[in-house]
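Structure, as structure tokens:
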Amino acid sequence: MGTEKILEVQNLRKVYNDVIAVDGVSFDIRAGEIVGLLGPNGAGKTTTIDMILGIVEPSGGSIRVFGKDFARHRSEILSRVNFSAVYAHLPGNTTVRQNLTIFALLYGVSRIRERIAALLKEFNIEKFARVRTGFLSSGEQSRVHMAKAMLNEPRLLLMDEPTASIDPSDSAIIREKIKAYAAGAGAGVLWTSHDMYEIEEVCDRVLFISHGKILLEGNPRELPAAYGKKNLEELFIAVAREPLSLARL
Amino acid sequence: MNSLKRIFAIFWRQMLLLKGNPFRPLNLFYFSALELFLWGVLSVYLDRVAGSDLNFAALILGTVIMSSFMSRVVFGVSASFLEDVWTRNFINLFSSPLSLQEYILGFVAVSIVESSVSLGFIALLAWILLSYSIFTFGLLLIPFAAVLFVFGLAVGILATAVVLRFGPSAEMVVWSIPPLLAPFSAVFYPLAALPLFLQRISFFIPATHVFEGMRAVVRTGTMDMRELVVGFVLAVLYCIAAYFFLYRSYRSVLRRGTFARFATE
């Protein structure tokens, strides 16, 4: 893991009318590091990711990516960032290859044909290249979205439950690919999941978020014992049910 | 260079959609052809029963053809935008380096292609079926088309901004604006046929100046070029205002965080 800070989030806040979705979140991700963002539904994980992606405007705080202020260098930064999310699919009325070509153009990818051919092979979706994306199963569509997420060889990869609709075999393959990619390319990865086994296997560090605040932070293999829990799943349940008691520890 | 690639990506996606389904290209011609046929037959009938020197066909068909051209420009922007609403594509698009300006310029390119193809087809149809040539206007067709194109963009961008601001339930705005403008922009009858208070409103519609100009050319062989200048200035001002409103709508969506759940708005 490198020392270069890929992402720096400082005191990030998002308030919708009188509802505080994200409340002063601060963290960073270093080159080659995979950070898990964990928390119950509605904790503020997706809002945090959406703010880093620039599709939700923060109410306060700052986001710096590759050392640059996101608000001032949006387009330049996003050309080296990408994401995959369980709720985001590519348009169903164009084929897999057409979708990948369009997004390759949007991300300024060079040698598009070769890059797409490599990704179709890597994510085992070659046979779907000429199929309209909407005809694919949700697991196949997730793999296509993963391929889209890797198009521009991002230095910051945001993964919002990327394997939620993928079978265990393909999930394992994707986890291995992302781990190898982060280590090889020196990319930072922010990963959310409700699968604690996956988090333990993939993440170097986890952040537990509840009611928009980060409550705990640490190594996913050491953190449960530090809070008197058997495993990460027990710790997750405790965060979800009794966040205040954990915050006091 | 990358900016041009992004504009091309937005344009290319719409072209792929046109190519991918036989009913989509039909949309470019169907309503324009239907309108041309309806007004063509009506004007031939009126010419026959009126028996005067007034040439109804020449007075109406030109404005009908150019009005359908303007509608195609509007839909080139607004219907293309709706494709991204229907396919819930905003998260993918706006988490990429794509800017709002590039997104809209991609739709402008779509409008240029779709409206040119549609105009060419309808002009050919009018010539074959009704022996009417839009090219009798000569070089004046260029400023006529320019004013209608810029105004069509303004209307398309405005409709897009309304849907972006108020959500997919405002989609009917996209389809209803061009037919709503027609009665007030002197497409089918001269401005003088409208009540005085409506004539004042019509003055502020750039298309009115084009259609009045076309009628003047048919009747007298010439037109007051100031009409075209007024129309063009108004169209440019509306285009700037519409883009400003679109930008405000975009900022509002970012603040409210509705890109992620746009379809439920």
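At a Förster distance of 35 Å, what's the computed FRET efficiency of B:Phe244 paired with B:Ala193, Cβ-Cβ distance as r, to 0.05? Mind dumping the intermediate values first?
Numbers: r = 34 Å, r/R0 = 0.97.
Result of the calculation: an efficiency of 0.55.
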Take every DSSP beta bridge with both residues inside chain A and express the antiparallel ones as a percent of the total, to the nearest 5.
55
Suppose every K and R has +1 on its Cβ and every D and E has -1 on its Cβ; what is the size of the dipole of the stretch B:2-264 about the Cα centre, in Debye to the nearest 20?
940
From the P(r) of the stretch A:90-153, could you give the percentage of C-alpha pairs in the tail past 13 Å?
53
Dividing the surface of the Cα convex hull of the stretch A:1-131 by four yields a projected area in nm² of 9.9
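I need the helices of chain B that pass two filters: whole DSSP H segments spanning 27 Å or more by Cα along the axis, and mean Kyte-Doolittle score no lower than -0.5.
Working: long enough: B:23-50 (40 Å, 0.98); B:56-86 (42 Å, 1.42); B:100-130 (43 Å, 1.80); B:141-166 (37 Å, 2.37); B:225-256 (46 Å, 0.92).
Helices passing the filter in chain B: B:23-50, B:56-86, B:100-130, B:141-166, B:225-256.
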Please compute the length gained on full extension between A:Glu153 and A:Tyr16, using 0.36 nm multiplied by the number of residues separating them and subtracting their Cα-Cα distance.
46.0 nm
Against the longest principal axis of chain A, how steep is helix A:96-106, in degrees 0 to 90 to the nearest 10, with axes from Cα atoms?
70
Set A:Lys5/A:Lys68; A:Lys148/B:Lys5; A:Lys68/B:Lys5; A:Lys127/A:Lys148; A:Lys45/A:Lys213; A:Lys14/A:Lys213, cut-off 19 Å on Cα-Cα distance; pairs above it are A:Lys68/B:Lys5
Starting from the Cα of A:Glu57, move 7 Å in the Cα-to-Cβ direction to define the label point; list residues of the stretch A:8-33 whose amide nitrogen is under 15 Å from there.
A:13-17
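Starting from the coordinates of the alpha-carbon atoms of the protein assembly as shown, obtain the Kirkwood hydrodynamic radius over all distinct pairs and give the value in Å to one decimal. Before the final figure, lay out each step's value.
Working: mean 1/r = 0.0392 Å⁻¹.
Radius from the Kirkwood sum: 25.5 Å.
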Angle check, please: helix A:168-185 long axis (alpha carbons) against the longest principal axis of chain A (alpha carbons), in degrees 0 to 90, nearest 10.
90
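In deg cm²/dmol and to the nearest 500, what is the mean residue ellipticity at 222 nm of the protein assembly as shown if only DSSP H runs of at least 4 residues count, each as -39500 (n - 2.57), divided by the residue total? Display every interim value, and only then the final one.
Values: 20 runs with 299 residues, N = 514.
About -19000 deg cm²/dmol.
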Per residue, the convex hull enclosing the Cα atoms of the stretch B:2-264 spans a volume in Å³ of 136
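Quick one: A:Phe208, B:Phe244, fewest Cβ neighbours within 10 Å first, how do they rank? Walk me through the numbers before you get to the answer.
Values: A:Phe208 27, B:Phe244 12.
Going from sparsest to densest Cβ surroundings: B:Phe244, A:Phe208.
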Cα-centred dipole magnitude for chain A, charges only on beta-carbon of K, R (+1) and D, E (-1), debye, nearest 20
740
Can you give the Rg and Dmax of the stretch B:1-54 based on its C-alpha atoms, in angstrom?
20.3, 61
List A:Thr163, B:Thr222 from most exposed to least, where exposure is judged by having the fewest other Cβ atoms within 10 Å.
B:Thr222, A:Thr163
Rank B:Phe107, B:Phe135, B:Phe29 by mean-square fluctuation in a GNM of chain B with C-alpha springs under 10 angstrom and give only the top-ranked residue.
B:Phe135
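In the neighborhood of A:Arg175, defined by Cβ-to-Cβ distances under 12 Å, what is the net charge if each Lys or Arg adds +1 and each Asp or Glu adds -1?
Values: positive: A:Lys177, A:Lys179; negative: A:Asp170, A:Glu176, A:Asp195, A:Glu198, A:Glu200, A:Glu201.
The answer is -4.
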Report, to the nearest 10°, how far helix A:138-150 tilts away from the longest principal axis of the Cα atoms in chain A, using its own Cα long axis and a range of 0 to 90°.
90
Quick one: in the stretch B:54-177, what % of C-alpha pairs are over 27 Å apart?
28
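Does chain A classify as rounded, prolate or oblate by the C-alpha gyration tensor (a ≥ b ≥ c root eigenvalues; a/c under 1.5 gives rounded; else a/b over b/c gives prolate, otherwise oblate)? Show your work: numbers first, answer last.
Details: a/c = 1.78, a/b = 1.46, b/c = 1.22.
It is prolate, given that a/c is not under 1.5 and a/b is the larger ratio.
The numbers here are math on the coordinates, done by the rules we state, and not lab data. Predicted, not measured: the structure shown is a model, and the values here were computed from it. Using ideal geometry, Cβ is built from the backbone for each residue, glycine included, and neighbour counts are taken over all protein chains shown.
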